[in-house]
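The values are calculated or read from the model by the stated rules, or taken from the named source; none is laboratory data. This one's a predicted model, so the numbers in the text were calculated from it and none came from an experiment. As a convention, Cβ positions derive from the backbone with ideal geometry for all residues, glycine included, and neighbour counts pool all protein chains shown. The protein model used for the area step is the full one, side chains on, heavy atoms only, and it has no ligands, DNA or RNA in it. Shrake-Rupley method; radii C 1.70, N 1.55, O 1.52, S 1.80 Å.
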There are 2 protein chains.
Amino acid sequence: MHEVLAAVLQVREGQLQVLLWQRAIEPDAGRWALPGGRLGDSEDVQTSVLRQLAEKVDVRDVAHVEQLEVFSAPDRMPHRRTVVTAFLGLVPCVADPVLPDDTAWHPVTDALQGSPPTAFDHGLIVRRARDRLRAKLSYTNLGFALAPPEFTVSSLRELYAAALGHRVSATNLQRVLARRGVLIPTGGTAPPGPAGGRPAALYRFAERGMRITDPFAVLRPPEPPHAPEGVVHLADPRAAP
Amino acid sequence: MHEVLAAVLQVREGQLQVLLWQRAIEPDAGRWALPGGRLGDSEDVQTSVLRQLAEKVDVRDVAHVEQLEVFSAPDRMPHRRTVVTAFLGLVPCVADPVLPDDTAWHPVTDALQGSPPTAFDHGLIVRRARDRLRAKLSYTNLGFALAPPEFTVSSLRELYAAALGHRVSATNLQRVLARRGVLIPTGGTAPPGPAGGRPAALYRFAERGMRITDPFAVLRPPEPPHAPEGVVHLADPRAAP
DNA sequence: CCCAGTTTTCGCCTTACAATCGAAAACGTG
DNA sequence: CACGTTTTCGATTGTAAGGCGAAAACTGGG
């Protein structure tokens, strides 16, 4: 049998949290599981996970979904052999969807340490989801999926710090993202906090659909100095988009 | 139903090639397919793909295998709904396994352009495999899986050029890999070619098990200047290995 | 035996990007 | 209007990668 599961992550209260629901029936009754379920006959895995996610949250709040990994140990679930395609889902920090009674957000750090206890191999899946998010935040513009449409550099810094698990310099974040062209100033400013201070400029991420997947400074193809034109070498470096 | 498939890549004759076998029966008879088959009841996907690969090549030649992606369009195969977990496999360039009569290596570039015609969605899978290899060659030490145990920088340069599809500077490759600590001189030298020339030093890759997955120059955590010790901030930056 | 040709290797320079630091700008409050 | 606060910007440093050319180490031929 084939099922799909999603580790849906969101930064709330300064912590990276994951959406879990508490199983009411055996096996693993009482333990907390990822949303998901059986793959339908006429849907692909991505469609399926979105459909099943809709039972737990408003999927319009889920800004990004991507395939994570297949888990297929024959004994990963008791009773019946089940292969699962796991997904990573991201929800912007401003969203606060209404949840069913059995469903709640839990800090990822806690869940990975057994509080609350997770069902089956779902703890491993959460860990993989967190690792993937951390890696991709560094070299893609995936931040747009965690941030509101408009944000200040400071608030973005807090999001990155919570997701990455280490301090992030606002100065550096600002310029790194700006140089990559993913950080666009909107022109507006946010009102300062109760202690005053200079009002922060508002930014948005460039082009949601745009993915930064190019390596930045790692063995890139040689820049044709000024296109000497003539002989073309080997295969075309950028054949497909 | 669930199946597994592997895009097994190797650099031969200066080109990146993929292992394909020609289907004898419908559907898609005559077209070329990736090795693989149905997932067994008591094996995980990785075990399964290695088992089925053994029907086409000596799996001892396959130096690296990793999960690629799940393809699950309901109509990706006629007749019966089949979900596939696709894998990327890499074979060192020195290996030349004996192949069954229906099986042969084909340049990836050709296969992606329809020569030979590929079965089902296998062309797409080959493309994803090639893209993954290209990306990972740049920021991991995955090269060890394409190269022989010992090699010269020049031969490695040719491998990288074939796999990446663009020229690679031997000078730069040498120093980039050396700085990352993945290129270890063995002390030996290779005999010069027929035209003479300085004998090339032999190298090997550091620690096969070692994966370079850390980002190199992208939003890394702040280096604790000299461990000021005292307050610990937020979550632990490196909780798990 | 020396010299031209070849191939590899190494050092130096430039460019690109990230991290750090500090100053300046823009706001509140007393 | 001084003061603390917060954000933003510029300058500097450090590290990594690309490019170029000289030096090293070999072969083969006069």
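Per-structure values
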| quantity | calculated |
| --- | --- |
| Cα-based helix-to-principal-axis angle, A:153-164 vs chain A, degrees rounded to 10 | 50 degrees |
| With every protein chain in place, region B:141-189: carbon and sulfur % of accessible area (1.4 Å) | 50 percent |
| Within straight-line cross-link reach of A:Lys56, aspartates and glutamates at Cα separation under 17 Å, skipping those fewer than 8 residues along the same chain | A:Glu3, A:Asp96, A:Asp101, A:Asp102 |
| Mean residue ellipticity (222 nm) of chain B, computed from DSSP H runs ≥ 4 via -39,500 (n - 2.57), nearest 500 | -6500 deg cm²/dmol |
| Largest to smallest principal axis extent of the C-alpha atoms in the protein assembly as shown, angstrom | 78, 53, 43 |
| Shortest-first nm distances, A:Arg198 label point to equivalent points in other copies (7 Å, Cα→Cβ) | 5.3 |
| 4 °C / 1.567 mPa s Stokes-Einstein diffusion coefficient of region A:2-136, Kirkwood radius on C-alpha pairs, µm²/s | 87 µm²/s |
| Summed side-chain charge close to B:Arg128 - residues other than B:Arg128 whose Cβ falls under 14 Å, Lys, Arg +1, Asp, Glu -1 | +1 |
| Under 18 Å from the Cα of B:Lys136 - aspartates and glutamates, other chains or at least 8 residues apart | A:Glu69, A:Asp131, A:Asp214, B:Glu66, B:Glu69, B:Glu158, B:Glu207, B:Asp214 |
| Other-copy label distances relative to B:Arg51, 7 angstrom Cα-Cβ extension, nm | 3.0 |
| Rounded tilt (10° steps) of B:170-179 against the dominant C-alpha axis of chain B | 70 degrees |
| Phi-based couplings in Hz for region B:52-69 (Karplus 6.51, -1.76, 1.60; Gly and Pro marked x) | 6, 5, 4, 6, 10, 9, 6, 5, 5, 7, 7, 8, 7, 9, 8, 5, 10, 5 |
| Distances in nm from A:Asp131 to the matching label points in the other copies, shortest first (labels 7 Å along Cα to Cβ) | 2.3 |
| Whole-number accessible area per residue in Å² for chain A, which is evaluated in the context of all protein chains at 1.4 Å | 50 Å² |
| Descending semi-axes in Å of region A:138-185, equivalent ellipsoid built from Cα gyration tensor | 15, 12, 11 |
| Acute angle (nearest 10 degrees) that the helix B:122-139 long axis makes with the longest principal axis of chain B, alpha-carbon atoms | 10 degrees |
| Accessible surface buried upon A-B contact (total; probe 1.4 Å; Å², nearest 100) | 3400 Å² |
| Cα Rg, Dmax, chain A, angstrom units | 20.9, 70 |
| Net charge contributed by nearby residues that have their C-beta within less than 15 Å of B:Ala73 (K/R +1, D/E -1) | -3 |
